[in-house]
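Encoded as structure tokens, the structure appears first; notes follow it.
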Amino acid sequence: MKFLILSLIFSSFIFVGFGQQTLKGKVIDESTGKELSAVSVYINNSSIGTTTSVTGDFVLSNFSVNKFDLIFSSIGYETYSINIVPENFLQTLVIKLKQKSAEMDAVLVQSYEKDGWEKWGKTFVDNLIGIGPNASSCEIVNNKVVKFVFDKKNQILTAYAAEPLIIKNKYLGYALSYDLQTFSVNFKSKMSFFSGYPFFTSLDRGERKLRKWKAQRKYAYEGSVLHFLRSIYRNALEQEGFEIRVLKRYANFEKQRVKKIYKSMMVIEEGNLTMKASDSMNYYQKILKESDSLDYVYPNIIRADSVAYVYDSTTAGLSFYDFLQVTHAKKKNVPVKHSTFQTSLSFQQPVSTISFIGEKNILIYSNGSYYDPTNLLTEGYWGWSEKLCNLLPIDYKVE
């Protein structure tokens, strides 16, 4: 059974070549009107941010983006997100933060798993941070803030964090503040899901270390979703080494047939549930191990303009039916893990599958961010590689 991973970064802002922008505002308590200091203010999924002064004021300057999600985060308050458009640069924003409900926190505390990190920490790290060599270089500094709730009946694990996670990524050279919004692992459907607001700052380890980090960032970027979407935007898939093919997915009717036969072979003898003997038992067991669906990939590489289109002067669209198989031909011998429940990695060319959950399209901006981020489902290589250990800020530029 395949293990699908839907990882959302909630990034949506557009680089359109404008000059340096400045944004001003003030942050206050919604109920008291009190000015709030030390509130983190940052462009989502970027390295561009600041904090409010003792009077609650903030100034965000020297950035060349015209539309973006601005995040406001402070301990004890609900995280606030606002979509910034050009009109906002002409005004002073007044942001009102709402205090977190003490009653809701009390309800959650009562249902938390005791010794949750000892029990579920590895599952959390594997699904949020990732697996493999890169992930082993990441450390959640404040993992004690993570609390777990496990629904035994539905086999669903949910995680919460009362404050942003502080993650040191020593492989890419970033300190990542990750404001976790949702995290769940469904052990029945074998699907995991997480979303949050990341903010990047660079670790400081000297020029030699910085050169190594730059090389490793470039390697992480190559063949990533960010790289793919930027290539789609520029209609440069072939030049950047990507190949896309149409993939059709069909129901595994033979497995459905065998399931019925297998079920009919179960009998009760002397009060015990047993299986009737059959010469075809080995075949049945082999088929039952197959996926519930079968994939057929058309051999021809398709052109980018067959699935991408111009939406407006700053936006491209991506639209297709069924599925797309995406291969990055320039990147080879990468570790590939097809399931969170597997223990070993194989090394091969990265092959991923993408599909839409709802509407059959997304809008792509020149920096590689896209909307709606909840609409794109990744499987295969991207299904497990697109985790925080390989995450780059949306303002990352290839040197």
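Read-outs throughout are calculated quantities, based only on the coordinates presented, and are distinct from any laboratory measurement. Just so it is clear, the structure is predicted and the values come from calculations on it, not from any experiment. We place every Cβ from the backbone using ideal geometry, glycine too, and count neighbours over all the protein chains shown.
Results, tabulated for the structure shown:
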read-out	value
Label-point separation in nm, Glu359 to Ala175, each point 7 Å along Cα→Cβ	3.9
Gain on full stretching of the segment that runs from Ile75 to Val310 - 0.36 nm per residue minus C-alpha separation	80.4 nm
Label-point gap, in nm, between Arg208 and Glu290 - each point 7 angstrom along Cα→Cβ	5.6
Given charges at beta-carbon only (K, R positive; D, E negative), |dipole| of segment 120-263 in Debye	680
Cβ crowding within 10 Å averaged over residues, with 72-78, 250-256 ranked highest first	72-78, 250-256
Calculated FRET efficiency for the pair Asp322/Asp57, C-beta based, R₀ 45 Å, to 0.05	0.30
Solvent-free Debye scattering, log10 I(q)/I(0), computed from the Cα coordinates of segment 136-240 at q = 0.13 Å⁻¹	-0.69
Peptides 302-314, 371-383, 39-51 ordered by average Cβ neighbours within 10 Å, highest first	39-51, 371-383, 302-314
FRET efficiency, Thr374 to Ser280 (Cβ-Cβ, R0 35 Å, nearest 0.05)	0.20
Label point at Asp115 placed 7 Å out along Cα→Cβ; residues across segment 150-192 whose backbone nitrogen lies under 12 Å	none
Ile95 long-range amide H proximity, modeled H, under 5 Å	Lys26, Val27, Ile28
Label-point separation, Lys218 to Tyr250 (7 Å along Cα→Cβ), nm	4.5
